[in-house]
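First comes the structure, then the notes that go with it.
Here, each number is a calculation from the coordinates, and none is a lab measurement. As the structure is a computational prediction, the values presented were derived from the model and not from experiment. Every residue, glycine as well, gets a Cβ built from its backbone with ideal geometry; the counts of neighbours run over all protein chains shown.
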Amino acid sequence: MQTSTPPRSLSPVALRIRAVLNEWDPIGVHHIGHGWPDDEYDDLILPILDALDAQPSVDDLAAELRTVVENDYGLPAPEGCWETALSLLDLSR
């Protein structure tokens with residue numbers, strides 16, 4: 001999984017993915033204070049939708065989330081990758 005250009009308009013599923021990502025907040029911007037845009041993690045929506053199409057296990061999706069944060073954002077893996085993967089998989093059911 002790699003970050004991508006965010007979609008121009010968001011489907012209901014994409015909006016739910018956005019909400020999960022904002023709740024997880026892997027780079028910690030929303031915990032700093034108010035004023036951060038809701039679309040902070042929209043570059044992950046399309047790759048997550050693609051990953052969900054492959055019906056990954058929770059462990060595989062968590063590993064992909066961990067990798068994208070480490071490689072594309074250049075940050076150490078945040079806590080909550082497994083829980084976020086589980087939430088994302090629940091959206092696709």
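Filtered by the rule that a residue be within 15 Å of residue 28 (Cβ to Cβ), over 11 Å from the mean Cα position of the chain (by Cα) and in a helix (DSSP H, G or I), region 63-80 gives a lone residue, 70.
Inside region 39-72, can you point out the residues that are surrounded by fewer than 16 Cβ atoms within 10 Å (Cβ to Cβ) and among the hydroxyl-bearing types (Ser, Thr, Tyr)? Give the steps one after another, and end with the answer.
Narrowing region 39-72 to residues surrounded by fewer than 16 Cβ atoms within 10 Å (Cβ to Cβ): 39, 50, 53-55, 57, 59-60, 67, 70-72.
Scanning region 39-72 gives 57, 67.
Looking across region 81-90, the residues that are surrounded by fewer than 17 Cβ atoms within 10 Å (Cβ to Cβ) and under 17 Å from residue 26 (Cβ atoms) come down to 82, 83, 86. Taking region 23-41 as the range and being touching a Ser or Thr at 6+ places or on another chain (Cβ under 9 Å) and of a type in the set (Asp, Glu) as the test, only 23 passes. Kindly check whether there is at least one residue in region 31-41 that is touching a residue at least 24 places away in the same chain (Cβ under 8 Å), in contact with a helix residue (DSSP H, G or I) (Cβ under 8 Å, 6 or more places away or on another chain) and not small (Gly, Ala, Ser). Within region 31-41, one or more residues are touching a residue at least 24 places away in the same chain (Cβ under 8 Å), in contact with a helix residue (DSSP H, G or I) (Cβ under 8 Å, 6 or more places away or on another chain) and not small (Gly, Ala, Ser). Would you confirm whether any residue within region 39-62 is under 11 Å from the mean Cα position of the chain (by Cα), in a helix (DSSP H, G or I) and farther than 24 Å from residue 9 by Cβ? Within region 39-62, one or more residues are under 11 Å from the mean Cα position of the chain (by Cα), in a helix (DSSP H, G or I) and farther than 24 Å from residue 9 by Cβ.
Would you tally the residues in region 64-82 being within 17 Å of residue 17 (Cα to Cα) and out of contact with any Cys (no Cβ under 6 Å at 6 or more places or on another chain)? Full working, then the answer.
Looking only at region 64-82, we keep the residues that are within 17 Å of residue 17 (Cα to Cα), and these are 64-66, 68-69, 80-82.
If we keep only those that are out of contact with any Cys (no Cβ under 6 Å at 6 or more places or on another chain) too, we end up with 64, 68-69, 80-82.
So the answer is 6.
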